[in-house]
Amino acid sequence: MRFDIITIFPGIFAGIFEHGVVKRAIAGGLVAVKAHDLREFTHDRHRTVDGRPFGGGEGMVLKPEPLAEALESLGVAPKDQRDARRESVVLLSAQGRKFTQETARELARLDHIILICGRYEGVDERVNELLADRELSIGDYVLSGGELGAAVIIDATMRLLPGVLGNDASNQFESFGSSDADLTEAGRGDDPLFHNSTPRSTHGAGGLLDYPHYTRPSEFRGLTVPEVLSGGNHEQIRRWRRERAIEKTFRNRPDLLENAELSEQDKRFLHTLRTSR
Ligand code: SAM
């Protein structure tokens, strides 16, 4: 998979992808990431990439021509001839649809993603209409540029690719991950509680937040690790983790519960949380 970033500050990306699993994925040839300087696609003496907004108002707006040229130089097909199963041009924008784990899963199916980073007041809207396939926001706040958003999207997407994480199952068993049913359908064993014939100590997240994790020491500043986790009873550990995941989601992100995949047992537990408020 290839990520091309179009930005007026390519230097921002030096270092970001030189650590951990991302670095390994790049070194192993699973992914390629390149930042391109938008000013390379200008033709005037001042290498102008922005202009004043029509209608007046604050700030400057990124011009469409250098962006169109940058895409052409990357071999990106015109929007109406683009193969949406292979390639996507993403415009980073505070006005975009919210980027979620589901969006990362969609993007992870493609071969080539091009990220356009806005600056100043943003990007001429015709870029959105004529060149971009997706307008994505990484959250409800305004950043000074799209570069951090591009890095977020690349990281979240890349780690879903087969071979990038040490254990491919890891991204199934974390916040926003798959349900047990999906894991079974994906051919990960007939019994959703068993994975590679080993009893699983956790459920697929099914849209919930992850459960809390602990490591040694078993006591830290008076707080001990919950006893159930050292007991070796996989069924009890699984239930404990599931309930903590439901509890965390209920406290921090109750909106996620609407679409979470909950068993009757989960629903009963959620009911006790709601009524004990
Ligand atoms: N005038 C814009 C608005 O009010 O929506 C804000 C422009 S912002 C200062 C400059 C650039 O930062 C945007 O063009 C976009 O590329 C990027 N940006 C800002 N917030 C973002 C967000 N939440 N998600 C993704 N990109 C963002």
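Helix 64-73 axis versus longest C-alpha principal axis of the chain: approximately 70°, rounded to the nearest ten. What separates the Cα centres of region 1-41 and region 217-277 is a distance of 38 Å. In the chain, the calculated helix contribution to ellipticity at 222 nm averages -8500 deg cm²/dmol per residue, counting -39,500 (n - 2.57) for every DSSP H run with n ≥ 4.
Given a 1.4 Å probe and the protein chains as shown, VAL123 ends up with an accessible area of around 30 Å². Dimensions of the chain from C-alpha coordinates, computed as largest minus smallest value along each principal axis and given longest first, are 71, 43, 41 Å.
Derived scalar couplings between HN and Hα for region 75-84 equal x, 6, 5, x, 3, 6, 10, 6, 8, 5 Hz in order, rounded to whole Hz, by the Karplus curve 6.51 cos²θ - 1.76 cosθ + 1.60 (θ = phi - 60°), x for Gly and Pro.
Assign one of three labels to region 1-137, namely rounded, prolate or oblate, based on the Cα gyration tensor with a ≥ b ≥ c the square roots of its eigenvalues; rounded applies when a/c is under 1.5, prolate when it is not and a/b is larger than b/c, and oblate otherwise. Taking the square roots of the gyration eigenvalues as a ≥ b ≥ c, region 1-137 is prolate.
Give me the percent of accessible area attributable to carbon and sulfur for region 2-181, probe 1.4 angstrom. If you can, show how the numbers build up before the last one.
Numbers: 4760 of 9330 Å².
Summing carbon and sulfur atoms, their accessible area is 51 percent of the total for region 2-181.
Rounded to the nearest 10 degrees, the inclination of helix 264-275 to the longest alpha-carbon principal axis of the chain is 80 degrees. If you count Lys pairs in the chain whose Cα atoms are under 30 Å apart, skipping same-chain pairs closer than 8 places in sequence, the total is 11.
The values are calculated or read from the model by the stated rules, or taken from the named source; none is laboratory data. Treat the numbers as computed from the prediction; the structure is a model and nothing was measured. Remember, those area values only see protein heavy atoms, side chains included, never the ligands or the DNA or RNA. Shrake-Rupley method; radii C 1.70, N 1.55, O 1.52, S 1.80 Å.
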